[in-house]
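The values are calculated or read from the model by the stated rules, or taken from the named source; none is laboratory data. Note that the structure is a prediction, hence the values are computed from the model and not measured. FYI the Cβ positions are ideal-geometry reconstructions off the backbone, even for glycines, and counts take in every protein chain you see. Only protein heavy atoms, including side chains, enter the accessible area calculation; ligands, DNA and RNA are left aside. Shrake-Rupley method; radii C 1.70, N 1.55, O 1.52, S 1.80 Å.
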Amino acid sequence: QVQLVESGGGLVQPGGSLRLSCAASGSIYYYNMGWYRQAPGRQRELVARITNDGSTNYADSVKGRFTISRDNAKNTVFLQMNSLKPEDTAVYYCNAARVWFGIRYEYWGQGTQVTVSS
């Protein structure tokens, strides 16, 4: 079982940058890792995802601005966020997921607040 803890959130002005970290208590080697976000009154949405073999995909709204990466040796996933916009304001959650014997295993962090405001 994997425990996930996010950090790095905070207040930033539009156009600024933040780097989020997700530290796992166990190995993430076999997991697909993702960052999701949820704003008040909105559904949780996928921001970025990186598979266990390094393939990435991004929401259209963040493509070209955000970069997801992973360091399996340190059991950590990162989200580099550049050119931040007010609409990026949300609680950001780290996610780990894998399928084993046809069963999906999924874990979530508690979230970190990102606020983009002038």
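In segment 74-118, which strands (runs of 3 or more DSSP E) lie fully inside it and hold 3 or more residues that are out of contact with any Asp or Glu (no Cβ under 7 Å at 6 or more places or on another chain)?
The strands (runs of 3 or more DSSP E) meeting that bar are 76-81, 90-100, 103-108.
Looking at segment 1-54 only, could you name the residues that are free of Cβ contacts under 8 Å to residues at least 24 places away in the same chain and either open to solvent by less than 30 Å² (accessible area, probe 1.4 Å) or assigned to a loop (DSSP other than H, G, I, E, B) (or both)?
Pro40, Gly41, Gln43, Thr51, Asp53, Gly54, listed by residue number.
Just to be sure before I move on: is Leu4 over 21 Å from Trp108 (Cβ atoms), touching a Gly at 6+ places or on another chain (Cβ under 6 Å) and not β-branched (Val, Ile, Thr) in the structure I sent?
No.
Identify all residues within segment 55-73 that are in a loop (DSSP other than H, G, I, E, B) and open to solvent by less than 40 Å² (accessible area, probe 1.4 Å); write none if there are none.
Ala59, Val62, Arg65, listed by residue number.
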